Structure formats: structure tokens, C-alpha cells
């Protein structure tokens, strides 16, 4: 065996070309880089053969002892990952842990992450058929995050999931909630707090937790603004960021009728606007009961109200970036999951107003006379 310098794992490079697999290394005397062809046919076999050659070089007394590899196992990396990414939300960390647990069950927690191959990644993705499309997409996406972070820190040369694409999740089933449906739902609500919850979701686009946390001190009816405070945990994300939301006329009228009127009721800025709605846990039950009492059956009884609000703002011609700031999401999320074409927009495109500027007036065939040109009038 040639006198080779034993290096750390990341310096014994594994390559693949048209002829197969090979490794690259440097002579101990400081010569140029050399290559060694491997007989492996798959990536798993190539990695195993590379490891055996590296261990043999390190065990040779005539070679320098290399630095022990610091590549973590899958179990170690999944435990270390949250501390390295404190900016991620708890939901994202929970999804990454879920993907890691499923991968541990497949290849074992003691397997080093550099020993996980593209075949393992392909098997991981192929074994998710039992889940719904959205869940499959989430598991694959978070598994890619887990190994992309290892590449950035130098533990891996390439992610084993680099060839796996995240499947497009099916469009969420939700229906646009119009004004008549909103009014019917509010009439069926069992309390003023539940009605306020519906109004804040449909006319301001607030999430359920945001509507429950909103207090009267965050509402400025004079300037038609309300402030949505960031949630707990101190994490600043699109879902947890303080933002201003415009108060439209319907919501302004509702809040004016609901606001406490001194001296009969003293103004308390810390009092929740949706007081009596059932709180974070019971509010959803109230809305589902109101939906059933009103004879409605649209899916996502509360979140569909928020989506309908964003659809109305976009259809009204407001800037999509401004709307995304009001809603507390991104333009990409709005276009993919929130915005839905309404029947009014379809009718406007199908039946344009002929009196509108720039519209061509359609004359039925066979009616009216075609104007003659000057040349035709001269000939006749």
C-alpha cells in the first residue's frame, strides 16, 4: 500500500463518474492528489469500501494516525439539531423530530449520518404512502432540512436527500365564505364573544389564537387600526410578529356596537374583545356548534373565514405584499393556500361591461350598416 496521509473523514473524498466510484487522497510526502478506483456498484457499497480503506490506512504503522471522525450518528444529530437552530418554531422542530424518528426506525439511531445513502433516502420517501399528501410533503421537506444543515456544518459532502423532491401537496379543501354565510354564522353564535371571534376572523383575517388574545387596548377605532401582538415564546416568525391590520367599515360598526360604553361599563384596555368565546380551547367548539346550528357545512369553519378575508383584499386590488403584512403570512403562502378566485371575478371576466372605458362594443351580426370609405363613395 502506498504511504498515504491519513486524514479526517471529510478529506477522504468520495466521487462518482461515468466509470464508477473512486476516492481521492494525498501522499504522505506532500505530493499531488491521487485517486483510487473502487469496485462498488452502489453508493452504500462505495461508502463502506471507502471506510475500510481509510481504516486500513490508519491502522498501518507506517502511516500517520488521522484525526478521529467527528461525524455524529443519526440519533446524536437529531438531538443536537434544535440547539443549533433556535430560530425555528416549535412546530418546525416537532416535524423535524418526527422525520428523524421515522428515519431512525429505518436505518438505526447508531448509524452515522454520512453512512446514510441516497438509497436510504429513496426508501424513506417510498415508505410514506400511508400518510396524506400534505403529511408526506412535510416529512420529506423536514428530512431535507435535517441533512442540509449537516452539509452546511461540514459533516457531509452532499445530502442523501438531494435528489428527492418535495411532492406538491393537494390544495386544501376550503370554500369561500360570502357575506350572507358570515351573517348566518354570526346569528347562530351562542355569545357575543363567539360573534366577535367570527367578525375578527372574517373581516380582519385574524387567526383563532390572535382573535382570542386581542384586547380593547389594541383597537383604535378613530384611525381604523388594530394591533396584533406577537405570540408567546419570543420567536419572531411570520406567524408570531406584531403587525397592524386595517379595520374595514363592517368590522368598525360591529366593534363600535360591542365596545363598552362608559359610564355604564368602564373601559378596560386589558379586557379581551372576544370575552366569553370559550378561550383558546373552547372557542373552536362554539364555532362548530354555530355552523351546525346555522345549517352550514363548509370545511375549516374558522380558518376559511381568514382565507376569505385575504381573497377579498387581493380581489379588491390591494397590493399583495401589503395584504401579506396585514395577514401575517407570505405572498407565496397566500398565492398557494389562501387566494381563491371568486364567482364575482369569474362573472366580471365572462360578462364585461360594454360601457366601461376601453371595452369594445359588440354589434350583433346582420344589424347596422357598415360605413363606406371615401374611395367607395367616390366610385358610387
Study note, to complete from the structure: Zone reached by a paramagnetic label modelled 7 Å from residue 289 Cα along Cα→Cβ, restricted to region 193-213 with backbone N below 17 Å, covers 193-198
Point to revise | Three semi-axes of the equivalent ellipsoid, region 159-221, Cα gyration tensor, whole Å, largest first | key: 36, 18, 10
Study note, to complete from the structure: Cα-only Rg/Rh for region 179-343 with Kirkwood Rh rounds to 0.95
Practice item. Run a plain Debye calculation on region 99-141 (Cα atoms as equal point scatterers, no solvent) and give log10 I(q)/I(0) at q = 0.14, 0.15, 0.21, 0.30 Å⁻¹, rounded to two decimals, same order as the q list. Key: -0.31, -0.35, -0.67, -1.15
Practice item. Go ahead and run the numbers for FRET between residue 223 and residue 135, Cβ-Cβ distance against an R0 of 56 Å, rounding to 0.05. Key: 0.85
**Study point:** Cβ-based exposure ranking for 189, 125, in which fewest neighbours within 10 Å come first
**Key:** 125, 189
Point to revise | Cβ-derived FRET efficiency at R0 35 Å, residue 351 paired with residue 94, nearest 0.05 | key: 0.10
**Study point:** Debye log10 I(q)/I(0) at q = 0.17, 0.23, 0.27, 0.32 Å⁻¹ for region 290-335, Cα point scatterers
**Key:** -0.54, -0.76, -0.92, -1.17
Study note, to complete from the structure: Per-residue Cβ contact counts at 10 Å, fewest first, order 327, 36, 346, 186 as 346, 36, 186, 327
**Study point:** Alpha-carbon centroid distance for the pair region 180-230 / region 279-333, whole angstrom
**Key:** 11
Point to revise | Cα-derived Rg over Rh, computed across region 74-152 with Rh taken as Kirkwood radius | key: 0.94
Exercise for review: Could you check the simple spin-label distance between residue 252 and residue 298, using points 7 Å along Cα→Cβ, in nm with one decimal?
Suggested key: 2.5
Review point. What list do you get for 308, 89 if you sort them by fewest beta carbons within 10 Å?
Key: 89, 308
Check your understanding: By how many nm would the segment from residue 85 to residue 318 grow when fully extended, if each residue of separation counts as 0.36 nm and the alpha-carbon distance is taken off?
Key -> 80.3 nm
Review point. How much FRET efficiency would the formula 1/(1 + (r/R0)^6) give for residue 152 and residue 18, where r is the Cβ-Cβ distance and R0 is 41 Å, rounded to 0.05?
Key: 0.90
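None of the figures in this text is laboratory data; all of them are computed from the coordinates on show. These numbers were taken from a predicted model, which means no experiment stands behind them. Methodologically, a virtual Cβ is constructed for each residue, glycine included, from the backbone with ideal geometry; neighbour enumeration extends over all protein chains shown.
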